[in-house]
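J.: One structure follows; several queries about it will come next.
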Amino acid sequence: MPRECITIQAGQCGNQIGCKFWESALREHAAAAGNQGAVFDDALSSFFRNVDTRYKPPREIKPRGGNTPILSLKARAVLIDMEEGVVNQLLKGQLSDLFDKKQYITDNSGSGNNWAQGHEFYGPKYSESILEKIRHEAESCESLQSFFMLHSLGGGTGSGVGTYILELLDDNYPKVYRFCTSIFPSAEDDHVVTSPYNSLLSTAKLAEHADCVLPVENQALIDIIRKRESLDARLEAGQRLPSSITSKGSKAIQGKSFDQMNGIAANLLLHLTSSMRFEGPLNVDLNEITTNLVPYPRLHFLVSSIAPLSTSGRLVQRPQSINQIFTEVLSRDNQLMKASPSSYTYLACAFLMRGNFCTITDLNQNVSRIQQRLHMVHWNTEGFKTGLCHQPPLDSPLSLLCLANNTCIGSRFASMKESFSKLYKRKVYVHHYTEYMDPGVFEDSCCQVDDLIAEYAALEVLRPPDTVQRLKSVLSNI
Ligand SMILES: Nc1nc2c(ncn2[C@@H]2O[C@H](COP(=O)(O)OP(=O)(O)OP(=O)(O)O)[C@@H](O)[C@H]2O)c(=O)[nH]1
Ligand SMILES: [Mg+2]
């Protein structure tokens with residue numbers, strides 16, 4: 001029986017990353033089918049509906065046995081933005097056939113980079129129609145397993161409407177897992193002045209209403225692209241190419257580079273869902289990720305890293321051994337979040353491999369090899385989950401995703417809180433928020449995030465003295 005996943009794309013960033021995901025997912029399925037031609041099977045059905053458009057209204061064709069033909073594929077997705085531009089572009093582009101009118105909601109003014117406008121105004125305004133779209137998708141599923149939210153935390157719609165939708169899902173579909181890929185703004189370079197407010201207000205909701213969050217930080221993506229470009233340039237021409245990304249100015253991460261950044265975020269999603277989308281010898285379902293990696297319900301933020309990293313969509317040329325890939329995936333350069341897991345404590349960790357040239361024995365040997373290097377919490381020293389899907393990604397014969405539930409994320413929340421406090425103590429822009437929400441929401445959300453920081457810090461107690469000292473100083477700033 002298929003186990004379906006419904007993707008919810010909220011705001012500009014969520015929809016742009018979604019677009020990349022669907023584009024590459026279709027290409028991966030085409031590559032997997034090869035010359036034999038694709039059929040509609042349970043794996044494909046986890047992310048797509050198969051519709052016969054010759055009927056009015058169109059009829060859905062379920063996978064039956066091994067030879068159900070593909071008619072017209074529709075993404076199991078709901079697209080939401082309080083502006084029209086990005087969704088309209090998506091509907092006009094090459095993916096237009098993948099979505100129909102029942103799958104999207106747009107407004108025209110946007111949420112003005114204001115979480116409160118998204119959460120308290122647009123959320124309730126569209127509550128009924130959002131639920132109706134989700135119900136329509138859910139009713140076509142045989143065994144709906146998870147919702148997958150794609151959004152940024154820095155703006156107003158992805159953060160505000162996105163977290164409002166999470167609450168709706170929690171109330172209406174309490175048994176279906178809620179995963180989020182949440183894009184954290186770059187601390188060094190973000191053009192949204194209110195992003196510290198939006199990030200903190202959303203993080204409080206993510207802690208409460210998501211089952212699992214994969215935070216991706218824009219600054220980490222920028223750094224990956226920059227390093228990749230200079231490495232490629234050195235490899236290819238023996239000299240440095242000028243980077244298309246500069247570290248200053250609001251335009252630095254816009255335009256073409258968002259495209260590259262979104263490619264990396266989409267790779268994370270493709271990798272994570274590959275076990276659901278393809279057959280494999282050691283499939284790891286999304287629900288197994290939460291079961292194995294989330295020992296405490298609120299501590300569900302997983303730091304991810306991928307190796308090898310390709311940013312341009314070009315084939316990764318350098319031949320790499322499985323050992324090299326394991327070493328690389330644990331390097332800071334390959335993380336999608338700027339944090340230092342190796343200096344902190346792992347609560348659990350997953351290694352999910354894609355590709356043909358790896359066996360379960362290879363995986364287990366490598367996990368034993370690196371196990372000594374990672375500081376695991378004392379009650380879960382064997383807390384490693386491995387997965388193997390034989391369908392490789394498009395750009396490399398082998399690829400490894402590491403998901404770490406690590407206390408280092410607490411320090412990232414502490415710096416988020418610091419940026420928030422800098423603005424909040426001067427009450428900058430607060431009146432834009434209190435136009436829509438009770439001022440107490442700021443205080444409550446701060447308490448929620450403080451609790452999260454303290455909960456992660458409490459798990460650090462068995463670390464060497466320098467780490468404990470550092471955490472004490474983090475806690476004293478709360
Ligand atoms: N990685 C990535 N980040 C993006 C993208 N688009 C916007 N961002 C980041 O997301 C934050 C702004 O959020 P948006 O997604 O543009 O805002 P929104 O959800 O549409 O909300 P409103 O425009 O306020 O209605 C900033 O931190 C941007 O740097 C994107 O395509 N990719
Ligand atoms: Mg927008």
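J.: Going through the stretch 167-185 one residue at a time, which ones are more than 7 Å from ligand 1 (Cβ to nearest atom), in contact with a strand residue (DSSP E or B) (Cβ under 6 Å, 6 or more places away or on another chain) and in contact (Cβ under 8 Å) with a residue 40 or more places away in the chain?
T.: Those that are more than 7 Å from ligand 1 (Cβ to nearest atom), in contact with a strand residue (DSSP E or B) (Cβ under 6 Å, 6 or more places away or on another chain) and in contact (Cβ under 8 Å) with a residue 40 or more places away in the chain: Leu169, Tyr177, Phe179, Thr181, Phe184.
J.: Sticking with this structure for a sec: Which of the residues that make up the stretch 170-185 are surrounded by fewer than 23 Cβ atoms within 10 Å (Cβ to Cβ) and either among the hydroxyl-bearing types (Ser, Thr, Tyr) or in a helix (DSSP H, G or I) (or both)?
T.: Asp170, Asp171, Asn172, Tyr173, Tyr177
J.: I would also like to ask the following. I'd like the full set of residues that are more than 18 Å from Ser421 (Cβ to Cβ) and either surrounded by fewer than 21 Cβ atoms within 10 Å (Cβ to Cβ) or within 16 Å of ligand 2 (Cβ to nearest atom) (or both), limited to the stretch 189-210.
T.: Hits for the stretch 189-210 are Asp189, His191, Glu208, His209.
J.: Give the number of residues within the stretch 80-111 that are within 15 Å of ligand 1 (Cβ to nearest atom) and in a helix (DSSP H, G or I).
T.: 6
J.: Could you please find all residues in the stretch 446-478 being at pLDDT 95 or above and more than 23 Å from Pro295 (Cα to Cα)?
T.: Across the stretch 446-478, the qualifying residue is only Cys446.
J.: Can you tell me which residues in the stretch 316-332 are more than 23 Å from the chain's Cα centre (by Cα) and either modelled with pLDDT under 90 or under 18 Å from Ile222 (Cα atoms) (or both)?
T.: Listed by number, the residues that qualify are Gln317, Arg318, Pro319, Gln320, Ser321.
J.: Something else about it: Quickly run through the stretch 124-166 and pick out the residues that are surrounded by 24 or more Cβ atoms within 10 Å (Cβ to Cβ) and either touching a Phe, Trp or Tyr at 6+ places or on another chain (Cβ under 6 Å) or assigned to a loop (DSSP other than H, G, I, E, B) (or both).
T.: Correct list: Ser146, Phe148, Leu153, Gly154, Gly155, Gly156, Ser159, Gly160, Val161.
J.: State which residue is farthest from ligand 2 (Cβ to nearest atom) when the search covers only the stretch 132-187 and only residues that are of a type in the set (Lys, Arg) and within 19 Å of Asn287 (Cβ to Cβ).
T.: So the residue we want is Lys175.
J.: Hey, among the residues in the stretch 63-116 that are among the small types (Gly, Ala, Ser) and more than 30 Å from Phe40 (Cα to Cα), which one's farthest from ligand 2 (Cβ to nearest atom)?
T.: Looking at residues that are among the small types (Gly, Ala, Ser) and more than 30 Å from Phe40 (Cα to Cα), I get Ala116.
J.: Could you grab me the full set of residues in the stretch 113-170 that are at pLDDT 95 or above, among the charged types (D, E, K, R) and in contact with a helix residue (DSSP H, G or I) (Cβ under 9 Å, 6 or more places away or on another chain)?
T.: Within the stretch 113-170, Glu120, Glu132, Lys133, Arg135, Glu137, Glu167, Asp170 meet the criteria.
J.: What tally of residues in the stretch 418-437 results from selecting those that are of a type in the set (D, E, K, R) and under 30 Å from the mean Cα position of the chain (by Cα)?
T.: Counting residues in the stretch 418-437 that are of a type in the set (D, E, K, R) and under 30 Å from the mean Cα position of the chain (by Cα) gives 2.
J.: Please enumerate the residues belonging to the stretch 186-195 that are in a loop (DSSP other than H, G, I, E, B) and near ligand 1 (Cβ under 10 Å from one of its atoms). If you could, list the steps in order and put the result at the bottom.
T.: If we filter the stretch 186-195 for residues that are in a loop (DSSP other than H, G, I, E, B), which is where we start, we get 186-194.
Across the stretch 186-195, the qualifying residues are Ser186, Asp189, Asp190, His191, Val192, Thr194.
J.: Let me ask something additional. Could you say whether any residue in the stretch 6-26 is of a type outside the set (S, T, N, Q), more than 30 Å from Gly110 (Cβ to Cβ) and either surrounded by fewer than 23 Cβ atoms within 10 Å (Cβ to Cβ) or not assigned by TED's automatic domain parsing to the domain that holds His136 (or both)?
T.: Looking for residues that are of a type outside the set (S, T, N, Q), more than 30 Å from Gly110 (Cβ to Cβ) and either surrounded by fewer than 23 Cβ atoms within 10 Å (Cβ to Cβ) or not assigned by TED's automatic domain parsing to the domain that holds His136 (or both), one finds none in the stretch 6-26, hence no.
J.: Take the conditions surrounded by fewer than 21 Cβ atoms within 10 Å (Cβ to Cβ) and either within 16 Å of ligand 2 (Cβ to nearest atom) or closer than 20 Å to Trp115 by Cα (or both) and apply them to Val216. Does it pass?
T.: Numbers: surrounded by fewer than 21 Cβ atoms within 10 Å (Cβ to Cβ): no; either within 16 Å of ligand 2 (Cβ to nearest atom) or closer than 20 Å to Trp115 by Cα (or both): yes.
No.
J.: What residue, of Leu95, Leu71, is within 18 Å of Thr273 (Cβ to Cβ), surrounded by fewer than 19 Cβ atoms within 10 Å (Cβ to Cβ) and touching a residue at least 12 places away in the same chain (Cβ under 8 Å)? Don't jump to the end; show me each part of the working.
T.: Details: Leu71 fails: within 18 Å of Thr273 (Cβ to Cβ).
Every option except Leu95 fails the conditions.
Quick grid of which residues meet (1) part of a loop (DSSP other than H, G, I, E, B); (2) away from ligand 1 (no atom under 16 Å from the Cβ); (3) out of contact with any His (no Cβ under 7 Å at 6 or more places or on another chain):
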position	(1), (2), (3)
Ile6	no, yes, yes
Cys13	no, no, no
Ala25	no, yes, yes
Val51	no, yes, yes
Tyr55	yes, yes, yes
Lys62	yes, yes, yes
Val78	no, no, yes
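J.: Being exposed (fewer than 12 other Cβ atoms within 10 Å of the Cβ), more than 17 Å from Trp22 (Cα to Cα) and assigned by TED's automatic domain parsing to the domain that holds Leu26 is the requirement here; does Arg64 meet it?
T.: The answer is yes for Arg64.
The values are calculated or read from the model by the stated rules, or taken from the named source; none is laboratory data. Computed from a prediction, not measured in an experiment: that's the story for all the values here. In this analysis, Cβ positions are derived from the backbone assuming ideal geometry, glycine residues included, and neighbour counts consider all displayed protein chains.
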